[in-house]
Each structure stands twice: as C-alpha cells, then as structure tokens.
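Trainee: Right, I'll just put the structure down here and ask away after.
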Amino acid sequence: MNHDAYDDAYIAGILNEVRTVAVVGASANDVRPSFFVVKYLIDKGYTVFPVNPGHAGREILGRTTCARLADVPEAVDMVDIFRASEAVPPIVEEALALDPVPKVIWMQLTVRHDEAARRAEAAGVRVVMNRCPKIEYARLAGEIGWNGVNSRVISARKPVMRAGFQSLGIRRR
C-alpha cells in the first residue's frame, strides 16, 4: 500500500468500522495532543482504552489506563500509536500477539515506520501512518470546515447526524 497518500474511502471505512481503540502513549495532561484525541474519540462514541505504563491504574478521562496492550480488558479494533517512530516495532509486535489481532494499526502525525507497517499488513492488519484520527474524522465529517480549514471534501448531501456532544458522523462513501 502507498502510505504517502490515503484514499478518503479507506480512512472513512476504518473510522466507520472500528468501535474500540487502544491509544498507546495516551497522556493525562490536558494540553497534550493525545489527551485531545482520547477525548474526541470518546465524544464520537468509540470505546477508548488509554495505554501508558507511567499512568497505569490511574484514570484518563474516566478510563482506567493500562500499562500495555495485553492489559486492555477487551478486544480492540484499532491501536492508535502516540509514540516516536523508533518505538513503533515493539508496539506492533505486541498488537500482533493479541487475540484477536486488531483490524487497524494507526500511527499519529509524524509517526512512520515502514518495516513495522509491512509486518502488520502481512498479518492482515490495515495500517495508517502520519495521520491523526481526530483530524481525519473531523475532515471527513465536515467539522474541520467550521474553522475555515479546507477539508478537500465537497458535498451538498445532508450531513450524517449522530447523538452526542459533537453530532456529525462520517458518511459512508
């Protein structure tokens, strides 16, 4: 797969399909990007499990933080990695050792590891690198346009409405 550019349908398919997300590198510090992503995903209705050994056992946004992926109490559909690129291979290996294996490995902005991505894809896991699920969700749902940002999505169709604080959903393409 070409990880330099993703088709909107690929990203939308992932964000519509996954329901449970483990955020590796989640922070309890409310000014960190990983905190905002955890909050946003929770607000969108995802079940989110923070993973951070430095916060293990404590809560982040009402969710108990796990020390490692193997400690997450239920199967996860997606592992969102908020760690430096060089930390990715052992996280991917840990994800691939889970039963069941997550459907998606997502690496945050500036995080990329092509060899780990190839390893995950060889195991049948979809991979996204150097993207933020919060930004991609907002872009595809049309929310990011509220701030004057070009979402690259033009549509005259009625938005998909969801229950909750932030109510726009991603339209299936």
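Throughout, read-outs are computed from the coordinates displayed, never taken from laboratory work. Predicted model, so just to flag it, every value in this text is computed and none were measured. For neighbour counting, all protein chains shown are included, and Cβ atoms are generated from backbone atoms with ideal geometry for every residue, glycine included.
Trainee: Within 11 Å, Cβ to Cβ, of residue 60, how many net charges do the neighbouring residues add up to if Lys/Arg are +1 and Asp/Glu are -1?
Mentor: Here the charged neighbours net out to +2.
Trainee: Note down the Stokes-Einstein diffusion coefficient of the stretch 8-132 in µm²/s, whole number, using a Kirkwood radius over alpha carbon pairs, 20 °C, and 1.002 mPa s.
Mentor: 151 µm²/s
Trainee: Could you order the peptides 125-131, 64-70, 83-89 from most to least packed, using the average number of other C-beta atoms within 10 Å per residue?
Mentor: 125-131, 64-70, 83-89
Trainee: Through the Karplus equation 6.51 cos²θ - 1.76 cosθ + 1.60, θ set to phi - 60°, convert the phi angles of the stretch 56-70 into ³J(HN,Hα) values in whole Hz; use x for Gly and Pro.
Mentor: 3, x, 8, 9, 10, 6, x, 10, 5, 7, 9, 6, 8, 4, 5
Trainee: Using mean Cβ contacts within 10 Å as the protection proxy, how do 104-111, 53-60, 31-38 order, highest first?
Mentor: The most tightly packed comes first, giving 104-111, 31-38, 53-60.
Trainee: Just want the ordering: 103, 44, from fewest to most Cβ atoms lying within 10 Å of their own Cβ.
Mentor: By the 10 Å Cβ count, ascending, the order reads 103, 44.
Trainee: Another one. State the extension gain, in nm to one decimal, for the chain segment bounded by residue 1 and residue 61, taking 0.36 nm per residue of separation less the distance between their alpha-carbons.
Mentor: Stretched out fully, the residue 1 to residue 61 stretch lengthens by 18.1 nm.
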